[in-house]
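Trainee: Would you mind keeping the following structure in view while I ask a few things?
The values are calculated or read from the model by the stated rules, or taken from the named source; none is laboratory data. Note that the structure is predicted; figures quoted are calculated from it, not measured. Cβ sites come from the backbone with ideal geometry, for glycine too, and all protein chains shown count toward neighbours.
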Amino acid sequence: MTARTALIVALLISVVLLFCCEPEPNGQAESDVVILFSLDEQAAFFERPFPLEFERDPDGTIALWKFPNPKRKPIIQRYIDAAEPLPDFGLNAGIFFPATEEIDGDSLPTLAESLMDDASAFVVNIDPSSPRYGERVPILCYVRQRSGDFTKRGLITLLPMPGYPLAPNALYAAVLTDGIRDKKGLVPEPHPDFAALRDGEERTDPPFVRAQAAFEPLWRYLDEIGFPRERVLCATVFRTQDPWKEMLAIRDYVYSHPPSYVAGSLHPVEDYPDYCFLEGRFEIPIFQRGNPPYLFEGGWIEFGESGAPVVDHYERLRFSLAIPKTRMPGDGFPILIHSHGSGGDYRTLIDRGPRGSPAGHGLAWYLAKVGIASASMDAPHHGERDPFFIRSPDLESLFFFNALNPPAMRD
């Protein structure tokens, strides 16, 4: 090869290498990983983050009808259907960001790092009306390493640390920044739809317009703290539910409608050295709809226009009452109300003590020795409230938790 030929070959190789290895305008090679945020109305459930504030049904409830059920399992569909009427999103549920490939999990923050200003991922309250506005919550971060029936490899999950739930009825954002890296050490790419949303492009397609409105509080918050939008690779905005609203409505109803004692029902049953065991009956309202054990249908609680729970029927329950034999204080004995576990009944308070202890040496005995009265009753589906009178602890537990009927299990 002549010197001239060698020079030409060297120049050609240099040109090829120049074009093959030319970096992006920002000085970084382009990552193969994209954090998904498709605003296509035909997009699958996990082609954008979840939860999303604008991902709602026409009635305003959260939209879960796209949630995957590839094997068409009826029990999965039951849970999807049960969650569909929820007005808002959970306080301690996972927040999901799908990606085309795995990112480097080590680039996600630790619990402590997730609270720092430079965290590569964070969850923050962006509701100006909330007393916790601007507060971050510590999060656990995970990257899915293989695909399953419902989610694909690469899914990023941010989970509020147990014990640190989000504020109820407040607007939150979860944010992934350019601090995360793919397996090659490169910054993943934002999805084109998210980049357009972040960069303030003008579009008229309805999903984009809904997303613009939903994300405006996040952009305002980031501007307020001086965090550049261009550093956000992906984000989601969602409103949390009020998990106590219905329970407080039930509490208020119970306070204003105390249970009625069945006259003449109280009578002594057994006498022990430290206390007397009496039994009686009282009537309570049942709010769950339908007939127990609600194995496949019924079991939910309805609330009227006033917000109060609707009574389905009334039930007479037996109760146990243990009265200490010590001198009663002038204002009466303090009393402990005992709730037995699955497989128990109203007598668990009386009889269930340490293994091998005789009848009558349950919790009531210990309480009576220090001058405390106690009472208990049959829990739903237990004792006399077992609809089949089988008295099987296993079946009573099944009826009580009832994973086959999600509305009944919840209510």
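Trainee: Looking at G344 and the list (1) touching a residue at least 60 places away in the same chain (Cβ under 8 Å); (2) in a loop (DSSP other than H, G, I, E, B); (3) not aliphatic (A, V, I, L, M), which single condition is not satisfied?
Mentor: Against the list (1) touching a residue at least 60 places away in the same chain (Cβ under 8 Å); (2) in a loop (DSSP other than H, G, I, E, B); (3) not aliphatic (A, V, I, L, M), G344 comes up short only on (1).
Trainee: Of these, E283, E302, which one is among the acidic types (D, E) and touching a residue at least 24 places away in the same chain (Cβ under 8 Å)?
Mentor: Values: E302 fails: touching a residue at least 24 places away in the same chain (Cβ under 8 Å).
It is E283.
Trainee: Listed residues R231, R220, R181; which is among the charged types (D, E, K, R), more than 26 Å from E101 (Cα to Cα), surrounded by fewer than 22 Cβ atoms within 10 Å (Cβ to Cβ) and at pLDDT 95 or above?
Mentor: Answer to the check: R220.
Trainee: Regarding Q77, is this residue part of a loop (DSSP other than H, G, I, E, B) and assigned by TED's automatic domain parsing to the domain that holds G148?
Mentor: no
Trainee: Oh, and also: Would you confirm whether any residue within the range 61-68 is touching a residue at least 24 places away in the same chain (Cβ under 8 Å) and either buried (at least 18 other Cβ atoms within 10 Å of the Cβ) or at positive phi (or both)?
Mentor: Looking for residues that are touching a residue at least 24 places away in the same chain (Cβ under 8 Å) and either buried (at least 18 other Cβ atoms within 10 Å of the Cβ) or at positive phi (or both), one finds at least one in the range 61-68, hence yes.
Trainee: Scan the range 114-132 residue by residue and report those that are in contact with a strand residue (DSSP E or B) (Cβ under 8 Å, 6 or more places away or on another chain) and more than 16 Å from F227 (Cα to Cα).
Mentor: Within the range 114-132, the subset in contact with a strand residue (DSSP E or B) (Cβ under 8 Å, 6 or more places away or on another chain) is 114-115, 119-127, 130, 132.
Correct list: D127, S130, R132.
Trainee: Take F67 and decide whether it is closer than 17 Å to S147 by Cα, touching a Phe, Trp or Tyr at 6+ places or on another chain (Cβ under 8 Å) and part of a strand (DSSP E or B).
Mentor: no
Trainee: Shifting gears a bit: Suppose the filter is surrounded by 14 or more Cβ atoms within 10 Å (Cβ to Cβ) and within 25 Å of the chain's Cα centre (by Cα); does A195 pass it?
Mentor: no
Trainee: Kindly list the number of the only condition in (1) assigned to a strand (DSSP E or B); (2) under 29 Å from the mean Cα position of the chain (by Cα); (3) modelled with pLDDT under 95 that fails for F282.
Mentor: Checking F282 against (1) assigned to a strand (DSSP E or B); (2) under 29 Å from the mean Cα position of the chain (by Cα); (3) modelled with pLDDT under 95, the one that fails is (2).
Trainee: A further question follows. For the range 149-179, what are the residues that are assigned to a loop (DSSP other than H, G, I, E, B), within 22 Å of N125 (Cβ to Cβ) and over 21 Å from the mean Cα position of the chain (by Cα)?
Mentor: G179
Trainee: Go through P109, P131 for me and flag whichever is assigned by TED's automatic domain parsing to the domain that holds F50 and over 16 Å from F96 (Cα atoms).
Mentor: P131
Trainee: Take A368 and tell me if it is over 24 Å from S260 (Cβ atoms), touching a Phe, Trp or Tyr at 6+ places or on another chain (Cβ under 9 Å) and not in a strand (DSSP E or B).
Mentor: yes
Trainee: Same structure again: Quick one: what pairs do we get from the range 192-217, first residue aromatic (F, W, Y), second surrounded by 16 or more Cβ atoms within 10 Å (Cβ to Cβ) and not in a helix (DSSP H, G or I), C-beta under 7 Å, 6+ apart or different chains?
Mentor: Cβ pairs passing all conditions: F194/F37; F194/C234; F208/L39; F215/V237.
Trainee: Which of the residues that make up the range 122-138 are of a type in the set (V, I, T), in contact (Cβ under 8 Å) with a residue 40 or more places away in the chain and not in a loop (DSSP other than H, G, I, E, B)?
Mentor: Of everything in the range 122-138, those that are of a type in the set (V, I, T), in contact (Cβ under 8 Å) with a residue 40 or more places away in the chain and not in a loop (DSSP other than H, G, I, E, B) turn out to be V123, V124.
Trainee: Testing S147 on (1) surrounded by fewer than 16 Cβ atoms within 10 Å (Cβ to Cβ); (2) at pLDDT 95 or above; (3) closer than 23 Å to H191 by Cβ, one condition comes back false. Which one is that?
Mentor: S147 satisfies every listed condition except (2).
Trainee: Can I ask one more? Do we have A174 as of a type in the set (A, V, I, L, M, F, W, C), more than 19 Å from S107 (Cβ to Cβ) and out of contact with any helix residue (DSSP H, G or I) (no Cβ under 9 Å at 6 or more places or on another chain) here?
Mentor: Answer is no for this residue.
Trainee: Filter the range 105-121 for residues that are in contact with a Gly (Cβ under 9 Å, 6 or more places away or on another chain) and not in a loop (DSSP other than H, G, I, E, B); which is surrounded by the fewest Cβ atoms within 10 Å (Cβ to Cβ)?
Mentor: Restricting to residues being in contact with a Gly (Cβ under 9 Å, 6 or more places away or on another chain) and not in a loop (DSSP other than H, G, I, E, B), the top hit is S107.
Trainee: If you don't mind, another one. In the range 35-83, which residue that is in contact with a Cys (Cβ under 9 Å, 6 or more places away or on another chain) and among the hydrophobic types (A, V, I, L, M, F, W, C) is farthest from A99 (Cα to Cα)?
Mentor: Filtering the range 35-83 for residues that are in contact with a Cys (Cβ under 9 Å, 6 or more places away or on another chain) and among the hydrophobic types (A, V, I, L, M, F, W, C), the one farthest from A99 (Cα to Cα) comes out as F37.
Trainee: To continue, here is another question. Quick check on this structure: which one of E315, E297, E396, E384 is in contact (Cβ under 8 Å) with a residue 60 or more places away in the chain, of a type in the set (D, E) and part of a helix (DSSP H, G or I)?
Mentor: E384
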